[in-house]
Amino acid sequence: RLQAPGFIDDLATMDGKVWALVSHKMWSSSGFALYEAPLLDPVLRRVKAVPVLHGGYGTDSVQGTAAIAVNGSAVDVISGREFYSSPDGRRWVDGINPCPGQVHHQYVSSTAVTAWSPAGVVAVCGEGPTAGTQFKQAYVSTDGGRGWTTMNKPTAAGYLHTLGAGSGDDIIIGLSRHGSQLTHNGGRSWGSPAPSGIPLGFVGFIDPLHVVALPDPGAANHTSDLRAFLFSYDAGRTWSVTRFPH
């Protein structure tokens with residue numbers, strides 16, 4: 001049992017540690033503080049080397065304005081305005097958040113980040129969602145967030161929900177109201193996997209090849225689609241579907 005010092009906006013575990021982004025006001029972008037706890041002594045303590053992070057202007061944490069990515073002992077943290085990276089959880093570097101503050105006079109309202117190696121990070125930014133669409137831009141960094149390369153844009157349909165990467169080539173963006181976007185060539189092209197006709201909302205890499213996924217409730221064709229668990233052994237190229245009883 002962990003006593004939370006506030007509202008948990010994102011949480012990740014890896015290499016014997018728990019990492020948590022905590023705000024003191026629910027659904028607020030006013031400030032996120034980074035906390036850590038060893039699993040053998042589960043008391044969350046503030047990481048003072050990382051200052052309080054702030055989300056995008058006028059947005060809240062429900063829209064994904066802050067996120068943690070871990071791989072081994074490496075940790076990356078992104079918010080609507082900032083990016084911090086550490087190779088070991090002790091030494092922190094103030095990196096560059098690739099998401100622009102504004103696009104076409106609209107504030108960027110959501111970000112997601114995932115680590116596929118200790119030095120490889122993928123970030124996706126979302127511009128103000130309207131009427132089932134949200135313009136998105138994906139980036140990759142191989143130097144801990146100090147420099148970023150722009151990928152080709154994924155679909156504007158759907159809202160940014162989750163992000164997973166097994167390598168710099170194999171990346172999946174989970175979307176609500178549309179289903180996921182997947183690339184196997186580092187973002188040069190994107191496809192929309194829907195195994196057995198099920199659009200994917202939550203996606204997560206366990207390791208470079210194994211992926212778990214859940215249906216997107218907003219895009220499901222009927223209620224039985226929501227009672228499924230999906231698994232891939234080959235980074236999302238093929239999927240097995242387990243359907244749960246009513």
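The values are calculated or read from the model by the stated rules, or taken from the named source; none is laboratory data. Model, not experiment: these values are computed from the prediction. Quick reminder, even Gly has a Cβ in these numbers, built from the backbone with ideal geometry, and neighbours come from all protein chains shown. Heavy atoms of the whole protein, side chains included, go into the accessibility calculation; ligands, DNA and RNA do not. Shrake-Rupley method; radii C 1.70, N 1.55, O 1.52, S 1.80 Å.
Things worth noting here:
- Excluding the site residues themselves, the longest part of the chain lacking any chymotrypsin sites (Phe, Trp or Tyr not before Pro) in a DSSP loop with at most 12 other Cβ atoms within 10 Å is 28-232.
- For the range 116-246, a crude dipole built from +1 on the beta carbon of Lys and Arg and -1 on the beta carbon of Asp and Glu, taken about the Cα centre, is about 220 debye to the nearest 20.
- For V93, net neighbour charge (Lys/Arg +1, Asp/Glu -1) across residues whose Cβ lies under 14 Å away: -2
- Highest mobility in the GNM of the chain, judged by mean-square fluctuation with C-alpha springs under 10 Å and restricted to L160, L209, L200, is found for L209.
- Stretching the chain fully between A157 and A4 yields a gain of 51.5 nm (0.36 nm per residue, less the alpha carbon separation).
- Among G128, M151, A49 the positive-end extreme of the charge dipole of the chain (Cβ point charges): G128
- For the range 138-197: span of alpha carbons on each principal axis (Å, largest first): 38, 19, 17
- Charging the Cβ of each Asp and Glu at -1 and of each Lys and Arg at +1, and nothing else, the dipole of the chain about its Cα centre rounds to 260 debye.
- Of the residues H210, H24, the one with the largest accessible area comes first in the ranking H24, H210, computed with a 1.4 Å probe on protein heavy atoms.
- Residues D94, D76, D234, D41, ordered by accessible area of protein heavy atoms at a 1.4 angstrom probe radius and largest first, appear as D94, D41, D234, D76.
- Summarising the amide proton neighbourhood of W116: residues at separation of 5 or more, or on other chains, whose placed amide H is nearer than 5 Å comprise V121, V122.
- Within the range 124-246, the proportion of Cα pairs with more than 27 Å between them is 15 percent.
- With θ taken as phi - 60° and the Karplus curve 6.51 cos²θ - 1.76 cosθ + 1.60 applied, the whole-hertz 3J(HN,Hα) list for the range 230-246 is 10, 9, 10, 9, 9, 6, x, 6, 10, 9, 10, 10, 10, 9, 8, x, 5 Hz, x standing for glycine and proline.
- Separation of the D207 and R46 label points, Cα + 7 Å toward Cβ, nm: 3.9 nm
- Between A119 and N185, the modelled labels are 2.6 nm apart [label points 7 Å from Cα along Cα→Cβ].
- Distribution of pairwise C-alpha distances over the chain, 5 Å bins, in %: 1, 7, 14, 18, 19, 18, 13, 8, 2, 0
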